[in-house]
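Colleague: I have a structure I would like to understand better, so I am pasting it below and will then ask my questions one at a time.
The values are calculated or read from the model by the stated rules, or taken from the named source; none is laboratory data. Every value quoted in this text rests on a predicted model; they were computed, and no experiment measured them. All Cβ positions, even for glycine, are placed from backbone atoms using ideal geometry, and neighbour counts span all protein chains on display. With ligands, DNA and RNA removed, areas are computed over all heavy atoms of the protein, side chains included. Shrake-Rupley method; radii C 1.70, N 1.55, O 1.52, S 1.80 Å.
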Amino acid sequence: MCGIVGYVGSRQATPILIAGLRKLEYRGYDSAGVSVWNDGTSRVVRCRGKLQGLEDKLVKEPAPGMIGIGHTRWATHGRPSDENAHPHKAGSVSVIHNGIIENHMALRQELAAAGAKFSSETDTELFAHLIDRQMQAGAPDLTTAVRKALAKVTGAYAFVVMSDKEPGTLVAAKNSSPMVVGLGDGENFIASDVTAILAETRKMIFVDEGDLITVTKSSVTITDFDGKPRHREPKTITWSAVQAEKGGFKHYMLKEIHEQPRSVADTLVGRIDLENDTALLDGVDLDVSKIKRIIFIACGTSFHASLVGEHLVEALARIPVEVDLASEFRYRDPIVGPGDLVVAVSQSGETADTMSAVREAKGKGAMVLAISNVVESSIPRLADYAFYTHAGPEIGVASTKAFTTQLIAMALLAINLGRKNGKLSRERARVLLAALTALPQKMTDIVEQGAQLQVLARRYGAAKGFLFLGRGSQHPIALEGALKLKEISYIHAEGYAAGEMKHGPIALIDENLPVVVLVPRGPHYDKAASNLAEVRARQGKVLAIATRGDTEIGNIADDVIMVPDTALELQPVLTVLPLQLLAYYVADFKGNDVDQPRNLAKSVTVE
Ligand code: F6R
């Protein structure tokens, strides 16, 4: 997501901060800024848009000084703008922040009631105010002020803080967002990513959860949030700059597959209301009594997420749902209008077909909700309401973490609507909310099975074609598994509803056709297992994706990948992961350009 760089030493900070932020550009951002201390005060310079804009601004408004913090922002709270760009300053305190402050609404109210004046829509500014208040109340030093302020904050974050009252010190804190300290000679660095400071030093301390770090040019002190000392051994980085950008993974796609537990957790932050057993949609307050029908419109992978959304909304909110390909929607003069909620799903928010479909729907009087991963992109701006996933920038062309976070957004939407119209009981909602919270850990468990999928990719990777089968909400996952495979491996693959196999595709089956069958535990298990047996009876090679603890499936499939159990409605979030890994390893085995597959673009802005 956002990028963080901090410097304290004897050189000019600004060029080091800008060079570091440049290295993080690949992660995507919408604004940038620096705060540099000099002669009693820190100067903040910020700019919406690209780093070049910030550099141009710095020519007119130079920020000299030997201690500073810099940031590239990927908007989560508040649109991309100069005012919302980081650093945020309150009194003497400048702050940069990656992540999300979960209790920002309550904090804003509390600070406003105490007389604070805000100059941005961000959650980050609130933290600057909290620390400034501690400084004013006589905290003995910046570290203590940050520690006290942290006690009021919940969420996922990496903060770096600087105060005019204690020049020469940077204080940083980490909870779930990555952070590293670079050790120099008479100078030290802080960054969200090794890449940002690799040109300056290879000696790094990897900051751990709950670390509070005080950095001066000659010292690094680490404690926990209660002030108890912690020790971290510095490591010497041997990665090349390119390897570092990919976090040590061979491709961005593999890195993004592994990032999914984190991006799902980020998408859940602040959206689970355990008091009322419901899901919160960041202020999107849909009048459920006015919704007679929901129509999802999307393309490609987002279309597959929408098909899962159909299952979720119909099951949990009992509202009729249709799913349409955005690229087809307006060519059939669709019957749509008041009473319809059109949900436009687009991770980039820029897909031309989806945009045209939204215009068509709005023109006919429907209400439009956009689900997107990019704040203030065109589709959310066109829609009446926007709800954002927090996957962070996705570099690999084949979508992975954007997809699973879309599934989370669908689940939150379905729970929210179901609770509002009373179709979802409090008890069931509670079970689902708990299951959502438990997903990241289960996802980690699956992505760590990469080695097993690598072996299977070698075994099956020479095949000329693949078939993917699933029933119920596993049908869209079969479609997505086939799409992933064909996009990056160039092997023909078809996804099919398992029950449709005998109506045609069964003719394809022989000993050369690998068939991936999605058979997690649930009401479709027996039927899907019968389909699997039909494939085996025709010498087809079966790779089953099943639920851990299933002792039967190994007897009827050639190979089995086990995924942990979860609530039935959320199973697609887990079963898609082995399919992403399978596609990745087959493509890599074939030596393909995984991140930039031929003929494909990340964002399709032509119809
Ligand atoms: C496939 C993929 C595409 C996109 C499609 C829509 O891996 O990424 O199929 O899903 O082009 O893009 P968005 O979601 O940006 O509208």
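Colleague: Just to verify a result, which residue in region 330-348, among those that are under 20 Å from GLY309 (Cβ atoms), open to solvent by less than 20 Å² (accessible area, probe 1.4 Å) and not β-branched (Val, Ile, Thr), is farthest from the ligand (Cβ to nearest atom)?
Modeller: Among those residues, the one meeting the criterion is ASP340.
Colleague: So which residues in region 226-246 are touching a residue at least 40 places away in the same chain (Cβ under 8 Å) and either basic (Lys, Arg) or crowded, with 16+ Cβ neighbours inside 10 Å (or both), if there are any at all?
Modeller: Of everything in region 226-246, those that are touching a residue at least 40 places away in the same chain (Cβ under 8 Å) and either basic (Lys, Arg) or crowded, with 16+ Cβ neighbours inside 10 Å (or both) turn out to be ILE237, ALA244, GLU245.
Colleague: Only one of these is farther than 14 Å from THR214 by Cβ and hydrophobic (A, V, I, L, M, F, W, C): ALA156, ALA139. Name it. Steps first, answer last, please.
Modeller: On the way: ALA139 fails: farther than 14 Å from THR214 by Cβ.
Checking each option against the conditions leaves just ALA156.
Colleague: ARG147 fails exactly one of the following numbered conditions: (1) of a type outside the set (Ser, Thr, Tyr); (2) out of contact with any Lys or Arg (no Cβ under 7 Å at 6 or more places or on another chain); (3) surrounded by 24 or more Cβ atoms within 10 Å (Cβ to Cβ). What is the number of that condition?
Modeller: Looking at each condition in turn, ARG147 falls short on (3).
Colleague: I've got another one for you. Quickly run through region 577-607 and pick out the residues that are aromatic (Phe, Trp, Tyr), more than 14 Å from the ligand (Cβ to nearest atom) and under 23 Å from the mean Cα position of the chain (by Cα).
Modeller: TYR585
Colleague: Given the conditions (1) more than 20 Å from THR72 (Cβ to Cβ); (2) among the β-branched types (Val, Ile, Thr); (3) crowded, with 21+ Cβ neighbours inside 10 Å, which single one is not true for THR201?
Modeller: (3)
Colleague: Across region 93-106, which residue is nearest to the chain's Cα centre (by Cα) among those that are more than 15 Å from HIS390 (Cβ to Cβ) and either open to solvent by less than 10 Å² (accessible area, probe 1.4 Å) or not assigned by TED's automatic domain parsing to the domain that holds GLY155 (or both)?
Modeller: Step by step, filter region 93-106, then rank; the result is ILE96.
Colleague: Name the single residue that is farthest from the chain's Cα centre (by Cα) among those in region 389-398 being more than 9 Å from the ligand (Cβ to nearest atom) and crowded, with 24+ Cβ neighbours inside 10 Å.
Modeller: Restricting to residues being more than 9 Å from the ligand (Cβ to nearest atom) and crowded, with 24+ Cβ neighbours inside 10 Å, the top hit is THR389.
Colleague: Can you pull out the residues in region 430-462 that are open to solvent by 20 Å² or more (accessible area, probe 1.4 Å), of a type in the set (Gly, Ala, Ser) and in contact (Cβ under 8 Å) with a residue 40 or more places away in the chain?
Modeller: ALA438
Colleague: Next question, about the same structure. Being within 19 Å of ALA451 (Cα to Cα), among the polar types (S, T, N, Q) and under 31 Å from the mean Cα position of the chain (by Cα), is that true of even one residue in region 555-566? Outline the logic, then answer.
Modeller: Looking only at region 555-566, we keep the residues that are within 19 Å of ALA451 (Cα to Cα), and these are 558-564.
If we keep only those that are among the polar types (S, T, N, Q) too, we end up with none.
The answer is no; no qualifying residue exists.
Colleague: Can you go through ASP565, ASP550, ASP558 and tell me which one is touching a Ser or Thr at 6+ places or on another chain (Cβ under 6 Å) and either farther than 25 Å from SER346 by Cβ or among the charged types (D, E, K, R) (or both)? Quick ask: steps written out before the conclusion?
Modeller: Numbers: ASP550 fails: touching a Ser or Thr at 6+ places or on another chain (Cβ under 6 Å); ASP558 fails: touching a Ser or Thr at 6+ places or on another chain (Cβ under 6 Å).
The unique qualifying residue is ASP565.
Colleague: Can you tell me which residue among SER163, SER176 is more than 14 Å from VAL220 (Cα to Cα), open to solvent by 10 Å² or more (accessible area, probe 1.4 Å) and not β-branched (Val, Ile, Thr)? Spell out the reasoning first.
Modeller: Numbers: SER163 fails: open to solvent by 10 Å² or more (accessible area, probe 1.4 Å).
Criteria check complete, one pass: SER176.
Colleague: Count, please, the residues in region 204-213 that happen to be closer than 12 Å to ARG230 by Cα, surrounded by fewer than 18 Cβ atoms within 10 Å (Cβ to Cβ) and over 21 Å from the mean Cα position of the chain (by Cα).
Modeller: 1
Colleague: Name every residue in region 130-144 that is touching a strand residue (DSSP E or B) at 6+ places or on another chain (Cβ under 9 Å) and open to solvent by 50 Å² or more (accessible area, probe 1.4 Å), in order of residue number.
Modeller: Across region 130-144, the qualifying residues are ARG133, ASP141.
Colleague: Follow-up question, since we're still on this one. Those residues that are open to solvent by less than 10 Å² (accessible area, probe 1.4 Å), over 15 Å from ILE408 (Cβ atoms) and among the hydrophobic types (A, V, I, L, M, F, W, C), I need them from region 253-295; list them, please.
Modeller: MET253, ILE257, LEU286, ILE294, ILE295
Colleague: Would you mention how many residues in region 395-419 are assigned to a loop (DSSP other than H, G, I, E, B) and of a type in the set (Ser, Thr, Tyr)? Give the derivation first.
Modeller: Going through region 395-419, the residues assigned to a loop (DSSP other than H, G, I, E, B) turn out to be 395-400.
Now narrow it down to the ones that are of a type in the set (Ser, Thr, Tyr): 399-400.
Total meeting the criteria: 2.
Colleague: Taking the stated definitions as given, is LEU325 in the same structural domain as ILE371 (by TED's automatic domain parsing), surrounded by fewer than 20 Cβ atoms within 10 Å (Cβ to Cβ), closer than 19 Å to GLN474 by Cα and within 16 Å of the ligand (Cβ to nearest atom)?
Modeller: On the way: in the same structural domain as ILE371 (by TED's automatic domain parsing): yes; surrounded by fewer than 20 Cβ atoms within 10 Å (Cβ to Cβ): yes; closer than 19 Å to GLN474 by Cα: yes; within 16 Å of the ligand (Cβ to nearest atom): yes.
The answer is yes for LEU325.
Colleague: From the list SER378, SER425, which one is away from the ligand (no atom under 16 Å from the Cβ) and among the hydroxyl-bearing types (Ser, Thr, Tyr)? Outline the logic, then answer.
Modeller: Details: SER378 fails: away from the ligand (no atom under 16 Å from the Cβ).
When all the criteria are applied, what remains is SER425.
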